[in-house]
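J.: Let me give you the structure first, and then I'll get to my questions.
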Amino acid sequence: MPELINTTTSNLNIKNIQLLTKKYQSPFWVYDANIIRNKIKLLKQFDIIRFAQKACSNTHILKLMKKNNLKVDAVSLGEIERALFAGFKKNSNEIIFTADLFDEETLSKIIEYNIPVNAGSLDMLKQLGSISSGHHVWLRINPKFGYGHSKKTNTGGENSKHGIWDPRLALPIIKKYKLKLIGLHMHIGSGVNYEHLKKVCHAMVESVVQINKKIKFISAGGGLPIPYKFDEKPININKYFTLWDEARKKISQFLNKPIQLEIEPGRFLVAESGILVSQVRTIKKMGNKNFVLVDAGFNDLMRPTMYGSYHHISILPKDNREIEVNKTIDTVIGGPLCESGDIFTQEEGGNIQTRKLPSIKIGDYLIFHDTGAYGASMSSNYNTRPLIQEILIENNTFKVIRKRQTIKELLSLEE
Ligand code: LLP
């Protein structure tokens, strides 16, 4: 369905993309700020929305989140520094550090900045407690089962490295170092369904009963899915909230105090706000297969190669010709990297797939949709390819929110 670039309701429309291709060298990322704000509104029922910035950590996006009263999650010192740069405050719960380990540098900065820690291991509690008595901590609990759109994004169960298996073992450590336990957190994976969700909510209540400590917060983690394909339905947020709210009420009753309910989405807030614009540079036949190669590679958009993820692809013809949508060709879309896996149409495990696309010409632009989450933030310099531009559309103006890296900048690290 290549014609389905939105023509009216969103800023990611044909007119804007055409303007951008005239102004900027492809490939580049584009985000629509309005879409992000609309997604934020959908989560208003939660007491705290904490943006999992790993999905899209550009500081301009973080500033937008801050302006809309969100808090932020950081999983590295780099993400903490990004959050501070964007205006989130130290000595508060605006930033929470979530991880399964500390490196020395990160640990000392977390203590200096006084940032609460969501601990995914008992060692973290010991290492933090031994030098920062009284520090505010959460426990990230592995509920002993998980779920995810790919094995690689499942964050619960025996095969996951994430979280604390038996939270009761954390209690003597918390006591010994006088740490302040303020919350419990569970994130079982990305792309969660309601059945799993019920189990997680139940597991959260069980954990609180097991631990029996006067916490202030519970966090539902992230994992809210978005419809990447046209036949997938958007998640019912009311249903999602209701399940968690019921868990919150039970916990509140058990502890006899109010409990704040946090949610920590990444993908849900930003995926649909972003696209990757690339240009077709080569078209060739390999036996019976028709390959169309664009100037963006898996170093830019990693998800199809890493997980076999599907991204809708639409065509923007360079010469304004009418696209014949009813006449399609089975097409493989790939990039420029010197690696066979640099294919955007593949399933998990690496089998090549084809997409039914109309006739494509050299110079046409291919748009990869729903790439606002885990797009730019997962890019690399593989094949010595510089990071590409990020552009934000805000009130119908285009703003470059990340410049294209130069090869000189890239090489300067090795001087
Ligand atoms: N909270 C924690 C502790 C997490 O580990 C994650 C994601 C999130 C929140 C946000 O999850 P989300 O709402 O975005 O599903 N690169 C993969 C996703 C990896 C997610 C890792 N943790 C992808 O492209 O699908």
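J.: Restricting the first residue to the range 122-134 and requiring it to be over 15 Å from ALA99 (Cβ atoms), which pairs with a second residue that is among the hydroxyl-bearing types (Ser, Thr, Tyr) meet a Cβ separation below 6 Å and a spacing of at least six or different chains?
T.: Partner pairs satisfying both residue conditions: GLY129/TYR177; SER133/TYR177.
J.: Another question, then. Identify all residues within the range 376-405 that are hydroxyl-bearing (Ser, Thr, Tyr) and farther than 22 Å from TYR31 by Cβ; write none if there are none.
T.: If the condition is that a residue be hydroxyl-bearing (Ser, Thr, Tyr) and farther than 22 Å from TYR31 by Cβ, then TYR382, THR384 are the ones that fit.
J.: Taking SER190 and the conditions (1) modelled with pLDDT under 95; (2) farther than 23 Å from GLY266 by Cα; (3) not acidic (Asp, Glu), which numbered condition does it fall short on, given that it satisfies the others?
T.: Only one criterion is unmet by SER190, namely (2).
J.: Could you check GLU262 against (1) under 16 Å from ASN193 (Cα atoms); (2) within 15 Å of the ligand (Cβ to nearest atom) and say which number it fails?
T.: The one condition GLU262 does not meet is (1).
J.: Let me ask another. Restricting attention to the range 238-249, does a residue exist that is within 12 Å of the ligand (Cβ to nearest atom), charged (D, E, K, R) and out of contact with any Pro (no Cβ under 6 Å at 6 or more places or on another chain)?
T.: Looking through the range 238-249, none of the residues is within 12 Å of the ligand (Cβ to nearest atom), charged (D, E, K, R) and out of contact with any Pro (no Cβ under 6 Å at 6 or more places or on another chain).
J.: State yes or no: is PHE298 within 16 Å of the ligand (Cβ to nearest atom), open to solvent by 10 Å² or more (accessible area, probe 1.4 Å) and part of a helix (DSSP H, G or I)?
T.: Taking the combined requirement at face value, the residue does not satisfy it.
J.: Here's a follow-up. Does SER190 qualify as being of a type in the set (S, T, N, Q), closer than 25 Å to VAL75 by Cα, more than 16 Å from the ligand (Cβ to nearest atom) and touching a helix residue (DSSP H, G or I) at 6+ places or on another chain (Cβ under 6 Å)?
T.: no
J.: Just for the range 281-295: of the residues that are assigned to a strand (DSSP E or B) and farther than 17 Å from PHE368 by Cα, which one is least open to solvent (accessible area, probe 1.4 Å)?
T.: ASN290
J.: Return a yes/no flag: does the range 324-331 have any residue that is farther than 22 Å from MET378 by Cβ and open to solvent by less than 30 Å² (accessible area, probe 1.4 Å).
T.: Yes, there is a match, as at least one residue in the range 324-331 is farther than 22 Å from MET378 by Cβ and open to solvent by less than 30 Å² (accessible area, probe 1.4 Å).
J.: I'd like to verify a number: residues in the range 24-69 that are part of a loop (DSSP other than H, G, I, E, B) and touching a residue at least 60 places away in the same chain (Cβ under 8 Å), how many?
T.: The qualifying residues number 11.
J.: Let me spell it out: the conditions are (1) within 26 Å of PRO167 (Cα to Cα); (2) within 16 Å of the ligand (Cβ to nearest atom); (3) without any contact (Cβ under 8 Å) to a residue 40 or more places away in the chain, and ALA119 meets all of them except one. Which number is the exception?
T.: So the condition that ALA119 fails would be (3).
J.: Here are GLY363, GLY349: which of them is under 23 Å from the mean Cα position of the chain (by Cα) and surrounded by fewer than 13 Cβ atoms within 10 Å (Cβ to Cβ)?
T.: Of the residues listed, the single one that is under 23 Å from the mean Cα position of the chain (by Cα) and surrounded by fewer than 13 Cβ atoms within 10 Å (Cβ to Cβ) is GLY349.
J.: Please go through the range 361-383 and give me each residue that is within 12 Å of the ligand (Cβ to nearest atom), in a loop (DSSP other than H, G, I, E, B) and of a type in the set (A, V, I, L, M), ordered by number.
T.: Residue satisfying the conditions is ALA373 alone.
J.: Considering only the range 142-151, I want to know if a residue exists there that is more than 16 Å from the ligand (Cβ to nearest atom), within 24 Å of LYS257 (Cα to Cα) and not charged (D, E, K, R).
T.: no
J.: Inside the range 147-175, can you point out the residues that are buried (at least 19 other Cβ atoms within 10 Å of the Cβ), under 18 Å from the mean Cα position of the chain (by Cα) and either small (Gly, Ala, Ser) or part of a loop (DSSP other than H, G, I, E, B) (or both)?
T.: Once the filter is applied, which keeps residues that are buried (at least 19 other Cβ atoms within 10 Å of the Cβ), under 18 Å from the mean Cα position of the chain (by Cα) and either small (Gly, Ala, Ser) or part of a loop (DSSP other than H, G, I, E, B) (or both), the range 147-175 yields TYR147, GLY148, HIS149, THR155, GLY156, HIS162.
J.: Right, another one. Hey, among the residues in the range 222-237 that are free of Cβ contacts under 8 Å to residues at least 60 places away in the same chain and exposed (fewer than 13 other Cβ atoms within 10 Å of the Cβ), which one's farthest from the ligand (Cβ to nearest atom)?
T.: Selected residue: ASP231.
J.: Can you say whether GLY223 is touching a strand residue (DSSP E or B) at 6+ places or on another chain (Cβ under 6 Å) and in a loop (DSSP other than H, G, I, E, B), as far as the supplied structure shows?
T.: So GLY223 fits the description; yes.
J.: Across the range 44-64, which residue is surrounded by the most Cβ atoms within 10 Å (Cβ to Cβ) among those that are within 15 Å of the ligand (Cβ to nearest atom) and of a type in the set (Lys, Arg)?
T.: That would be ARG50.
J.: Could you grab the pairs with beta carbons closer than 8 Å, sequence gap of 6+ or different chains, first residue in the range 179-205 and under 20 Å from PRO227 (Cα atoms) and in a strand (DSSP E or B), second one within 13 Å of the ligand (Cβ to nearest atom) and of a type in the set (Phe, Trp, Tyr)?
T.: Final answer for the pair search is GLY189/TYR147.
J.: Between SER278, SER314, SER273, SER309, which is under 24 Å from ASP231 (Cβ atoms), in contact (Cβ under 8 Å) with a residue 40 or more places away in the chain, open to solvent by less than 20 Å² (accessible area, probe 1.4 Å) and more than 16 Å from the ligand (Cβ to nearest atom)?
T.: SER314
J.: Let me ask you something else. Among the candidates SER26, SER92, SER57, which residue alone is in contact with a Ser or Thr (Cβ under 6 Å, 6 or more places away or on another chain) and over 28 Å from VAL325 (Cβ atoms)?
T.: The unique qualifying residue is SER57.
The values are calculated or read from the model by the stated rules, or taken from the named source; none is laboratory data. All values derive from a computational prediction rather than experimental measurement. Note: ideal-geometry Cβ built from the backbone for every residue, glycine included; neighbour counts use all protein chains shown. Only protein heavy atoms, including side chains, enter the accessible area calculation; ligands, DNA and RNA are left aside. Shrake-Rupley method; radii C 1.70, N 1.55, O 1.52, S 1.80 Å.
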